Every structure is written in C-alpha cells, then in structure tokens.
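Beneath this line is the structure, given in structure tokens, with notes to follow.
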Amino acid sequence: MTLINTVSPDFPPTHIAGWFIFNTWLQNTLNERVRLELHDSFSQQQDAIQSDGVDMIYANPADAALLVREKGFVGVARPANHADEAVIVVADSSPVQAVEDLSPEVRIALTAQPDVNTMGMIMLEPADVTPSTATKLERDTYVLVAKALMDGDADVGFFLKDAYENLSSIVRSKLRVLVTSDIQVVRHGLMLGPRMQQHRQVLLDALLNMNSTENGKEILSNLGFDAWEEFRSEDVEFMIDLMETLTT
Amino acid sequence: MVIKDITAADVSGDYETREITFHDGSTRTVLVVDEEVPYPDGRLIVSVTDLEGRITECNKSFVDMSAYSREELIGAQQCILRHPDIPSEIYADLWSTIKAGNKWQGYIKNLRKDGRYYWVLATIIPTVRDGEIVGYASVRRKPSRKKIEEFVAQHLSA
Ligand SMILES: Cc1cc2nc3c(=O)[nH]c(=O)nc-3n(C[C@H](O)[C@H](O)[C@H](O)COP(=O)(O)O)c2cc1C
C-alpha cells in the first residue's frame, strides 16, 4: 500500500524541494511507501481529503476541524515557535492610516489561504467590514496581492506575515502595513489519517530528534523550521475551538 | 463567591464607588473610573474556564488588558471583570446559551483592576471533549465603535 502525504497549498514555493526531501526521509523512517501529492488549490485538497485520498497532511489550522471531526485524523507534530500571523497592507500612497478609516465597502485583495483570511476579516471588523459589505479579489499568489494594491485595484491586502516579509524590498517600499496580528496560537501542524496512525509514536520520536542530527537540521532548514514539537490531541482540540470562535 | 474588592490604592483619578450583585447573591464593591482603554489592534484576548466559570488559562493579552497579575487571575471567577454598567440579563443569556452547548456572541464592557474599562466583542463556546462539556473558552476581539454605540443605546441607556 502506498500512503499519500500532502502539504497545505499555502507553503512558500521556495520550500517545495524541502517537502520532497522530507518525504524521502519519511519513507526511510517508517519503512513504508509514501507519495507526496501536492495540490494547486485548497479546494482540490479538500476534494482529496473528502475522498479519503490523504493519509498525512501538513495542515492549515482552518482544515483541522474537518480532518479530526469527520476524517479521524490526529495531530503528531508542529513546527516549534512558528505561528501564522496576518498583516493588513495598503499602498504607501493610500490616505488610510488606521483600520477605522476604511469604509465597509472596502476592496480586499487576498489569496485562498483560509486562516490568514479569517484573521484578516477579524481585524477589519472595527471598520464595520463584513463578508457581505466587502468585495474580495482573490489572487493566486501574494505577489499578485501586492500588485493589486500598487495598481489601485484593491484598498487593502491580506498577507501571511512571513510572506509579506519575503516580498522584495522594492515592492514593500510601495506598500505600508496597517495592522499586524499578534495571535500566537494559529498554527499549522502535521496530522495523520487512520491508515497512518500506527506510525504515530515512531514518527513523533523521529521528528522530535530531527534537530539533533546534521541531516535532520538540513531537512528542517529546507522546510523553513528550527525544530518540531508534539502536536497533542488537546492542542488540536483547542485550535479547532479557536478557529470556531473566529469564523462567526 | 468571594471576589476581592477594588480599593482606592488600585485606582488613580476620579472614581465612583459601586456595588455589584452577582447571580448567586454575593456582592463586590468596585471603584469605577470613567475612562476607556482602547482595545489593542491585532490582538485576541483568550481565556479558558472550568464548568463554574473559574479561569484555568489565559493569554498575555488577557492579563495585560485586565491590569491584574496572572496569579490573581488563574483560579478566579471570570466575573472578576464584570462591570456594574452591564445588566445581569446579558450574563444570564450568556450562561443559558453555553450551558445548552451553544455558541454565544456579544458585546461586553469589562472592568479593569484600575477601575477603567474596555469593550470587547466576545465569543464563548463550550469546550467539548469526548462528547462532554468540560469547560468554556472565550475569545475576544476588537469591536466596531458603531456596534458598541448601538449596544449602549439599547441596553445601557437607563
Ligand atoms: C469562558 C467565559 C468567559 C467569560 N468572560 C467574561 C468577561 O470577559 N467579562 C464578564 O464580565 N463576564 C464574563 N463571563 C461571564 C461571567 O462568568 C459572569 O457570568 C459575569 O461576569 C456576571 O457575573 P454573574 O453571572 O455572577 O452575575 C464569562 C464566562 C465564561 C464561561
């Protein structure tokens, strides 16, 4: 049997090789055949999850409820000290100085990254912005979100903080951060489906040890992390509760 | 329940002395300063309670905005933040909603240890583990000014 591993489509493109290297490490560690299947979009990945075509996933927190409650997934590990934070950005020339200056009919450029969009919408609530008053302009990449701001097509843009900081300094010089989230608890994590759970302990031990070998450190750095920590069942439940409070 | 009163040493500036009566009939004397502390942008104020509403966990934003120390908060009743301006019916509605296993959302004016106040949009949910409610979690965020004004006009304009 070949197990299927996948990664939330919001990982930075520069880490694609890192995930293939990680997958090879995974096969050697578990002594199982594991195929890495990457999806172009969240909706494609959802379809794969729904049809039980995923055994392991580096999951966006917004997908945790579906994975755990409907598909029987459990958490195994998550990157240590690595939270998703959102930034709301305007063009540097924009007259807007604070969220409260925005009108409820704001035009928002965003990607399909669900947790960032949830955090972004919450940060716009003080301006009476709701999903029904705002116009959303979905773009394939954060670079295109930046372009929509610079071209004047959107009033604000939602970015993953890390993605914003990775834009070139030329692009960033034409933009301005209006507000940055400091939420600290919205985090991606590795989760295992029913066919993979027998390996949880072996995998957890190996992941926790990863930063103690040269090879392991190399793999981690290609993923953009320093170390893994355990993603306990209570952590997963708390994350699901938290996302639940944020999506209404 | 017993919650320590707010004393003159805790506050600065002009204050008014008020008495709060909780749902169980117990009372607390608080000193109220008519000054709002703005909700910090980008933050969430998070706490988790047991079934009786005693705080078991809270994040740093919760501690910072309350003006209490973490030691004073952990184990304290969540109503340590109750402001005398908010009518009891709001909390009664909150508790009946969450006890029935549902999500409650509403605007709350909270009282700080220093007598000042802050407004939040609070979402409270039962934390269900293995099919049973084991406690409650609350996540507060920055509210819309317009919504607060509407709430004040509707509920606090006595
Ligand atoms: C998870 C949770 C969070 C709560 N957060 C607050 C809060 O921020 N401020 C507040 O005044 N009451 C809060 N309450 C309600 C209090 O438990 C309490 O009902 C309220 O302060 C009024 O006190 P009383 O019900 O004894 O009259 C919360 C309750 C729960 C279960």
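Label reach from residue A:112 (point 7 Å along Cα→C-beta): in segment A:137-163, amide nitrogens under 11 Å belong to A:139-141. When both bridge partners sit in the protein assembly as shown, DSSP labels roughly 80% of those beta bridges antiparallel. By the equivalent-ellipsoid construction on the alpha carbon gyration tensor, segment A:59-126 comes out with semi-axes of 32, 14, 9 Å, ordered largest to smallest.
Nonpolar atom fraction for segment B:51-133, defined as the carbon and sulfur part of the 1.4 Å probe accessible area, stands at 50 percent. Report the label-to-label distance for residue B:103 and residue B:70 in nanometres (one decimal), using points 7 Å from each Cα along the Cα→Cβ vector. Distance between label points: 2.9 nm. Treating each Cα of segment A:1-140 as an identical point scatterer and summing with the Debye formula, the log10 of I(q)/I(0) at q = 0.09, 0.12, 0.15, 0.16 Å⁻¹ comes to -0.37, -0.61, -0.86, -0.94. With N counted as the residues of chain A, its alpha-carbon radius of gyration over 2.2 N^0.38 Å works out to 1.05.
The share of alpha-carbon pairs in segment A:202-248 lying farther apart than 18 Å comes to 47%.
Across segment A:86-180, the volume of the C-alpha convex hull divided among the residues equals 79 Å³ per residue. First measure r as the distance between the Cβ atoms of residue B:92 and residue A:176, then evaluate 1/(1 + (r/R0)^6) with R0 = 41 Å and state the FRET efficiency to the nearest 0.05. It comes out at approximately 0.35. Measuring nothing but how far apart in sequence close Cα pairs (under 8 Å, 6+ apart) lie, relative to its length, segment B:36-156 scores a relative contact order of 30 percent.
Summing Cβ point charges (Lys, Arg +1; Asp, Glu -1) relative to the Cα centre of segment A:51-162 gives a dipole of roughly 260 debye. For segment B:32-58, a reduction of at least 50 Å² in accessible area between the chain on its own and the assembled protein chains (probe 1.4 Å) is found at B:42, B:44. Accessible area per residue for chain B, computed on protein heavy atoms with a 1.4 Å probe, is 48 Å².
Per the accessible-area calculation with a 1.4 Å probe, the total area buried between chain B and chain A rounds to 1900 Å². Relative to the longest principal axis of the C-alpha atoms of chain B, give the angle of the C-alpha long axis of helix B:88-99, reported between 0 and 90° and rounded to the nearest 10°. The angle comes out near 20 degrees. In a simple Cβ point-charge model (Lys, Arg +1; Asp, Glu -1; nothing else charged), the protein assembly as shown has a dipole of about 200 debye relative to its Cα centre.
The ellipsoid that matches the Cα gyration tensor of chain B has semi-axes, each √(5λ) in whole angstrom, of 23, 18, 16, with the longest given first.
Specify which residue in the list A:171, A:212, A:87 is farthest towards the positive end of the charge dipole of chain A, using unit charges on the beta carbon of Lys, Arg (+1) and Asp, Glu (-1), about the Cα centre. Checking the options against the dipole of chain A, the answer is A:212.
Give the average, rounded to an integer, of partner chain Cβ atoms located within 10 angstrom of each Cβ in B:136-142. Walk me through the numbers before you get to the answer.
Numbers: counts 1, 5, 1, 9, 1, 8, 8.
Per-residue shielding by partner chains comes out at 5.
Modelled this way, with points 7 Å down the Cα-to-C-beta line, the labels at residue A:162 and residue A:32 are 2.5 nm from one another.
Each of the peptides A:19-27, A:43-51 was scored by the mean count of other Cβ atoms within 10 Å over its residues; in descending order, highest first, they stand as A:19-27, A:43-51. If only the Cβ of Lys and Arg carry +1 and only the Cβ of Asp and Glu carry -1, the dipole of segment B:36-156 around its Cα centre is close to 380 debye. Annotation: peptides B:94-103, B:42-51, ranked by per-residue average of other Cβ atoms within 10 Å with the highest first, follow the order B:42-51, B:94-103. Would you mind telling me the antiparallel percentage of the DSSP bridges in chain B, rounded to 5? Just about 95 percent of them are antiparallel. Over segment A:86-180, with every protein chain in place, what whole percent of the accessible area is carbon and sulfur at 1.4 Å, could you tell me? After summing per-atom areas, the C and S share lands at 51 percent.
Using a Gaussian network model of chain A in which every pair of alpha carbons under 10 angstrom is joined by a spring, one finds that among A:14, A:130, A:29 the greatest mean-square fluctuation is at A:14.
When chain A is treated as a Gaussian network with alpha carbon springs shorter than 10 Å, the biggest mean-square fluctuation among A:12, A:61, A:131 belongs to A:131. Per-residue Karplus couplings for segment A:2-19, computed as 6.51 cos²θ - 1.76 cosθ + 1.60 with θ equal to phi - 60°, are listed in order as 9, 8, 10, 10, 9, 10, 3, x, 8, 5, x, x, 5, 9, 4, 4, x, 6 Hz, Gly and Pro entered as x. Cα centroid separation, segment B:125-158 to segment B:39-118: 9 Å. A dipole drawn for segment B:36-156 from +1 and -1 charges on Cβ atoms has a positive end, and of B:106, B:95, B:39 the residue lying farthest that way is B:39. Accessible surface calculations at 1.4 Å, restricted to protein heavy atoms, place segment A:92-248 at 45 Å² per residue.
The values are calculated or read from the model by the stated rules, or taken from the named source; none is laboratory data. Since this is a predicted model, take the numbers as computed values, not measurements. Note that we place each Cβ from the backbone using ideal geometry, even for glycine, and neighbour counts take in every protein chain shown. Only protein heavy atoms, including side chains, enter the accessible area calculation; ligands, DNA and RNA are left aside. Shrake-Rupley method; radii C 1.70, N 1.55, O 1.52, S 1.80 Å.
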